[in-house]
Amino acid sequence: MNIKNLNPNHSLSDKIIKEGKTPFKLWLEFEISCPWDDIENDFANIAVDTLDGRNYGINVWTYQFLQTAINEDRENGNNLNGLYQIPPDLFVKELSRNCIEKTIINLLETGNLEEVLNMSIFSLKYLPPYIDSIDIEDDEIEVLINELRFQLPDDHILQNEQFELAAKTTNSNDFIFKVDNEQIVAINLNLKSDKELNKQITTRIYNNEKDFWDKEMKQNLIEFKA
């Protein structure tokens with residue numbers, strides 16, 4: 001689930017839940033559209049924003065919906081006629097804010113959601129001093145990419161990889177790129193057309209978004225707020 005594309009327009013989605021050690025906001029699909037007919041027998045998407053750049057898109061099933069999914073597969077022939085099920089990210093008793101709020105509070109007391117549940121739910125939200133690429137004009141991105149290709153050494157990782165701009169910082173010349181293999185490449189780029197500046201370009205490479213958040217972004221957010 002791409003949580004950047006979720007419709008946030010619901011008053012409770014902006015509520016900061018401060019119970020427990022980690023405050024968060026909770027977006028619930030069934031609050032945006034309409035209440036589900038049977039809250040104990042259905043599924044929904046939810047999003048958790050821990051207010052520190054970490055966002056989680058989580059697919060949730062109720063306990064009863066597992067049997068419903070099996071029955072539907074037996075009828076339509078999917079998953080070898082219900083022989084198996086690919087599980088969601090989380091099971092709960094019912095699809096209600098009260099139930100899911102308590103669940104997330106308890107999970108966050110246990111540990112980080114990407115570790116307690118699974119890594120696939122993790123996504124970054126670029127908070128100040130970062131600016132998300134979706135908030136940068138296309139023309140500006142094109143100029144940046146052209147300048148990047150001009151300045152980078154021939155053997156630089158981005159010369160041989162497909163990549164896209166993820167964000168830039170306002171407090172430095174740092175640009176964050178997402179590579180097709182899920183690596184995150186952070187570059188401090190001198191925005192001058194001088195090939196000799198290659199020697200001054202610094203590059204930090206991270207395995208994925210979570211690795212980048214752990215080793216760089218988290219500390220940058222703290223220092224910016226200080």
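The values are calculated or read from the model by the stated rules, or taken from the named source; none is laboratory data. Here the structure is a predicted model, which means the values were calculated and not measured. Cβ atoms come from the backbone with ideal geometry, glycine included; neighbour counts cover every protein chain shown.
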Filter the range 105-114 down to the residues that are within 19 Å of residue 53 (Cβ to Cβ) and either touching a Leu at 6+ places or on another chain (Cβ under 8 Å) or surrounded by 12 or more Cβ atoms within 10 Å (Cβ to Cβ) (or both) and list them by number. 107, 108, 112, 113, 114
Return the only residue of 185, 116, 179 being β-branched (Val, Ile, Thr), within 21 Å of the chain's Cα centre (by Cα) and in the same structural domain as residue 53 (by TED's automatic domain parsing). 116
Can you name the residue in the range 73-102 that is under 21 Å from the mean Cα position of the chain (by Cα) and buried (at least 17 other Cβ atoms within 10 Å of the Cβ) and is also nearest to residue 15 (Cα to Cα) among such residues? 101
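Condition first: outside any helix (DSSP H, G or I) and either small (Gly, Ala, Ser) or not assigned by TED's automatic domain parsing to the domain that holds residue 202 (or both). Now tell me which residues in the range 133-171 satisfy that.
Passing the criteria: 166, 167.
One line per residue, one yes/no per condition, for (1) assigned to a strand (DSSP E or B); (2) in contact with a Ser or Thr (Cβ under 8 Å, 6 or more places away or on another chain); (3) among the polar types (S, T, N, Q); (4) more than 30 Å from residue 220 (Cβ to Cβ):
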residue	(1), (2), (3), (4)
40	no, yes, no, yes
45	yes, no, yes, no
48	yes, no, no, no
52	no, no, no, no
58	yes, no, no, no
70	no, no, no, yes
74	no, no, no, yes
86	no, no, no, yes
Which condition number in (1) at pLDDT below 95; (2) assigned to a loop (DSSP other than H, G, I, E, B); (3) not charged (D, E, K, R) is the one that residue 95 fails? (1)
List, please: which pairs have Cβ atoms under 6 Å, are six or more places apart or on different chains, and start with a residue in the range 73-88 that is closer than 20 Å to residue 60 by Cα and touching a residue at least 24 places away in the same chain (Cβ under 8 Å) and end with one that is surrounded by 12 or more Cβ atoms within 10 Å (Cβ to Cβ) and of a type outside the set (A, V, I, L, M, F, W, C)? 88/59
